[in-house]
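To keep things clear, I will list the structure first and then write my remarks on it.
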Amino acid sequence: MDRDRNEIVAHYVGNGTLGAARELFNKVKRHKIGIIATDGNYSYDKIVPGYIKHITDKAETCLVEAKNSSLRDMLARLNRRTKRYSKCPVMLRQAVAMWRHKDLTSSIYA
């Protein structure tokens, strides 16, 4: 999440393992980043290089948590208490990608 532009830089659908953190960081590192804020998961400590300032503070991750909440609210398949949950990881990734680029897709079909 880029705070200056209020824009999602990269996303990864997966679990909290080291491999998932590495996949996400590989997507993020294409952008010029000097500070990275995470929720304190052990796997992030292992992949963030020393030249990037790593902050593990709830105050710094509130914007990401707000986007996650909005995503869960907009996509019923992410609501854990319904029958409409994604069983197929490919479909979940596509649904998240479409939500992330909803402004672009709505302009195509307008």
- Would you list the helices (runs of 4 or more DSSP H) that sit entirely within segment 28-110 and hold 1 or more residues that are modelled with pLDDT under 80? 58-74, 89-100, 102-108
- Task: Determine which single condition residue 23 fails, assuming it passes every other condition in (1) of a type outside the set (Gly, Ala, Ser); (2) closer than 27 Å to residue 91 by Cβ; (3) surrounded by fewer than 14 Cβ atoms within 10 Å (Cβ to Cβ).
- Result: (3)
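Yes/no per residue for (1) in contact with a strand residue (DSSP E or B) (Cβ under 6 Å, 6 or more places away or on another chain); (2) under 15 Å from residue 2 (Cα atoms):
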{"residue": "16", "(1), (2)": "no, no"}
{"residue": "21", "(1), (2)": "no, no"}
{"residue": "25", "(1), (2)": "no, yes"}
{"residue": "30", "(1), (2)": "no, yes"}
{"residue": "33", "(1), (2)": "no, yes"}
{"residue": "36", "(1), (2)": "yes, yes"}
{"residue": "40", "(1), (2)": "no, no"}
{"residue": "48", "(1), (2)": "yes, no"}
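The values are calculated or read from the model by the stated rules, or taken from the named source; none is laboratory data. In this text the structure is predicted, and so the values were computed from the model without any measurement. Note: ideal-geometry Cβ built from the backbone for every residue, glycine included; neighbour counts use all protein chains shown.
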